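As C-alpha cells, the structure follows; a few thoughts come after it.
The values are calculated or read from the model by the stated rules, or taken from the named source; none is laboratory data. Quantities reported herein were computed from a predicted structural model and do not represent experimental measurements. Positions of Cβ are backbone-derived with ideal geometry, glycine not excepted, and every protein chain shown enters the neighbour counts.
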Amino acid sequence: MTAHMSLEFLLPFALALLATGAIAGTLAGVLGVGGGIVIVPVLYLLFPLLGIAPEVRMHLAVGTSLATIIPTSIMSARTHNKKGGLDWDLLKSLAPGIVIGVIAGSVFGGRARGSTLTLIFAVIALLVATHMAFKREGWTLRDALPAGPRFRVPLGCFIGGFSVMMGIGGGTLSVPILSSFAVPIRRAVGTASAIGLIIGLPGTVGYIVSGLGDPHLPPFSLGYANLLGFALIVPTTMLTAPIGARIAHAIDPVLLRKAFAFFLFVTSCRMFWGVFGH
C-alpha cells in the first residue's frame, strides 16, 4: 500500500468530498446556481490540505466537477421540461456553438497549466460575483436575444468554452446572459439545466483522456476525474439541494445572493493569490 492509499489519506479525502457535496448541494438549492461554481473552489481549497500535488489540483477539481454535472443536469432538465421551463428551440440554436466551445475548451484545459485554469476561474468568478452583487432587478441589455447563427453560435462557444475550463455546467454564465436579453428567468434556468449535460458529458471525457497516466493523481482517479469524488459528491449534493431550497424560502433572496457574491469574491482573490502571490 502506497502512502496515498493509506487510511490516513483516504478517510480525510472521503470526508472532504462528502463535505464538498453537502456545501454544493445546499448552496445550489438556496441560490439556484449549479453545483460546479461551488464544487471547484471548495475542492481547490481542500486539495492542498490533503497533500494533492499542485500540478493536478485545478485539473482534478474541474474534471471531477464536470463528472458530477452529468447526473444532476439530467435530473434537473427532466424536472424543468415537465414544468415547461425548457425552451427546446433556444437550446437547439445554442447547442452547435456550445459543442464547439466545449471541444476547444476541453483540449485547451487539458493541456493548460493549472495556474492558467485557476486564473480563468478567478476572473470569471469575479465577474459573476460583481454581477450578483450589483445586478438591478429587471435590467436588460436588449429586449430580445438576437436570432440566427451569427450571434448564437459565438454565444454558445463562449458559454461552452469557458464553462468547461471552469468545471461548471453553464448555468452560471448562461442564466445571467440570457436574462440580460430579456429571456424569462424560468426559461433561462430550465434551458441552462440541459446546457449542463451538453457541457458535462464531452467535457468529462476530455479531462479523462487528458489526464490518463498522470503520475500525480490521487487514488481512484480516471484521468482528471476522481471516481471517489463522483461517487460521494453526487448523492450528497442531491440530498442537500432540497434542504437549500427550503432555506431559500425562509431567507431574503437578495441577502443570499450578496452573501454568495462575497463567497465568490473571496474565492477569486484566493485564486489570484495562488497564481501571483508566490
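Give me a count of the residues in segment 235-274 that are among the β-branched types (Val, Ile, Thr), under 28 Å from Val123 (Cβ atoms) and surrounded by 16 or more Cβ atoms within 10 Å (Cβ to Cβ). Step through it out loud before you land on a result.
Within segment 235-274, the subset among the β-branched types (Val, Ile, Thr) is 236-237, 240, 243, 247, 251, 254, 266-267.
Narrowing further to those that are under 28 Å from Val123 (Cβ atoms): 237, 254, 266-267.
Those still in the list that are surrounded by 16 or more Cβ atoms within 10 Å (Cβ to Cβ) too: 237, 267.
Number of matching residues: 2.
Residues in segment 153-174 that are of a type in the set (Val, Ile, Thr) and in a helix (DSSP H, G or I): Val153, Ile159, Val164, Thr172. Hey, does segment 139-149 have a residue that's aromatic (Phe, Trp, Tyr) and modelled with pLDDT of 90 or more? Within segment 139-149, not a single residue is aromatic (Phe, Trp, Tyr) and modelled with pLDDT of 90 or more. Scanning segment 121-138 for residues being more than 21 Å from Ile195 (Cβ to Cβ) and assigned to a loop (DSSP other than H, G, I, E, B) gives a total of 3. Within segment 203-217, restricting attention to residues that are part of a helix (DSSP H, G or I) and not β-branched (Val, Ile, Thr), the residue that is surrounded by the most Cβ atoms within 10 Å (Cβ to Cβ) is Gly203.
All but one of (1) among the aliphatic types (A, V, I, L, M); (2) buried (at least 16 other Cβ atoms within 10 Å of the Cβ); (3) outside any helix (DSSP H, G or I) hold for Val189; which doesn't? Exception for Val189: condition (3).
Among the residues of segment 221-266, write down those that are among the hydroxyl-bearing types (Ser, Thr, Tyr) and modelled with pLDDT under 90. Thr237, Thr240, listed by residue number.
Residues are listed down the side, and each one gets a yes or a no for (1) touching a Ser or Thr at 6+ places or on another chain (Cβ under 7 Å); (2) part of a helix (DSSP H, G or I):
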site: Thr140; (1), (2): yes, no
site: Pro176; (1), (2): no, yes
site: Ser179; (1), (2): no, yes
site: Ile195; (1), (2): yes, yes
site: Pro219; (1), (2): no, no
site: Leu228; (1), (2): no, yes
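Taking the condition surrounded by 19 or more Cβ atoms within 10 Å (Cβ to Cβ) and more than 22 Å from Val99 (Cβ to Cβ), does Ser221 pass? Against the criterion (surrounded by 19 or more Cβ atoms within 10 Å (Cβ to Cβ) and more than 22 Å from Val99 (Cβ to Cβ)), Ser221 qualifies. In segment 222-249, the residues that are under 14 Å from Leu15 (Cα atoms) form no Cβ pair under 7 Å with any partner that is at pLDDT 85 or above and charged (D, E, K, R), whether six or more places apart or across chains.
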